[in-house]
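All remarks here apply to the structure that follows.
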Amino acid sequence: MKFTKMHGAGNDYVYVDARSQEQDWPELARRMSNRHFGVGSDGLILIKGSDVADLKMSMYNADGSEAEMCGNGIRCFVKYAVDRTIVSSSNGSVSVETLAGIRNITPISEYGTVTGARVSMGAPILTPDAVPVKLDAAGEYGSGPVLEYPFEMDGYDLPLSFVSMGNPHAVTFIDTPVAEFPLLTVGTKVENHSIFPRRVNFEIVNVDNPTHLTARVWERGSGETLACGTGACGIAVASILGGHTDNTVSITLPGGTLKVDWDGQGEVYLEGPAEEVFSGEWN
């Protein structure tokens, strides 16, 4: 079975053209994602046909769980499809069906090769029940947003802001440099906390100035990753709603910098790189 490894700002996935084949995809995701005995990745992304969009993207985390959407992954998905002429971007954009809905992606090309993309990520979901998150006296929060909800873990005060970008995110803004925060021990406990019925992606953030943030991400089902596209969008939404930043913000993660635009009402737009690493054959 042929595969290609790609990454968007260090958030790496294995890509397989699944339009004419079936496998035990969750098991394959676990095996291929293993960084010691497999290819090594944050998960597996499949290229499939669609009746409602140009193509369909299915994705599995490194633990085999299926995920709704990935902003970094979908940029690489479109690079894979356009560079291999599976789909044309001659009309300026490519539509992709995901479990979070249809997303429209505008490829950015240099010398005939896709190097990045701008993704229409949809409008953020802020209603607690829809994120989903179970809160004390949930009725008090109505349709949201819920910002800086009191939360403590391992002695750390981590007020959480809740955003769904088709998948759930809990964002906290801290004064301690994110590089010094013990994300490897705290992240898994937040991910699996009982208030999150579908687990959660957890982001820790430093506010550098009104146009720039620095962050780290703990991804549900994968652990810490070098970047997360939906996470960057969730961070931006929480930051804008909280008055920390302007409506256009650059977010630096360990793997690179992503740009997010949100007018405070409509869709969130994410822009960043897409790179191919290598291709191979899995036996």
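Laid out as a table, the results:
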| item | result |
| --- | --- |
| Two-decimal ratio, the stretch 56-174, of alpha-carbon radius of gyration to 2.2 N^0.38 Å | 1.32 |
| Cα pair distances in the chain, grouped into 5 Å bins until the bin that holds the longest one, percent each | 1, 6, 13, 18, 19, 17, 12, 8, 4, 1, 0, 0 |
| Peptides 52-64, 218-230 ordered by average Cβ neighbours within 10 Å, highest first | 218-230, 52-64 |
| For the chain, calculated [θ]222 nm from helices alone, where every DSSP H run of n ≥ 4 adds -39500 (n - 2.57) | -4500 deg cm²/dmol |
| Separation of the PHE151 and THR115 label points, Cα + 7 Å toward Cβ, nm | 3.7 |
| Relative packing of peptides 180-186, 272-278 - highest average C-beta neighbours within 10 Å first | 272-278, 180-186 |
| Considering only the chain, percent of DSSP beta bridges that pair antiparallel, nearest 5 | 80 |
| Over the stretch 148-248, relative contact order from alpha-carbon pairs under 8 Å, at least 6 apart, % | 24 |
| Neighbour-count ranking [beta-carbon atoms within 10 angstrom, fewest first] of ILE195, ILE74 | ILE195, ILE74 |
| Cα Rg over Rh - the stretch 238-283, Kirkwood | 1.21 |
| Inter-label distance, nm, simple model (7 Å from Cα along the C-beta direction), SER88/ALA130 | 3.6 |
| Normalised contact order of the stretch 1-105, rounded percent, pairs of Cα under 8 Å and 6 or more residues apart | 23 |
| Descending Cα extents along the principal axes, the stretch 128-266, whole Å | 35, 34, 25 |
| Cα principal axis extents for the stretch 15-96, largest first, Å | 41, 21, 21 |
| Bins of 5 Å from zero: percent of alpha-carbon pairs in the stretch 96-141 | 5, 16, 16, 14, 12, 11, 9, 7, 5, 3, 2, 0 |
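Just so you know, all these numbers are worked out from the coordinates, no wet-lab data involved. As the structure is a prediction and not an experimental result, all values here were calculated from the model. Here Cβ is always computed from backbone atoms with ideal geometry, including for glycine, and neighbour counts include all displayed protein chains.
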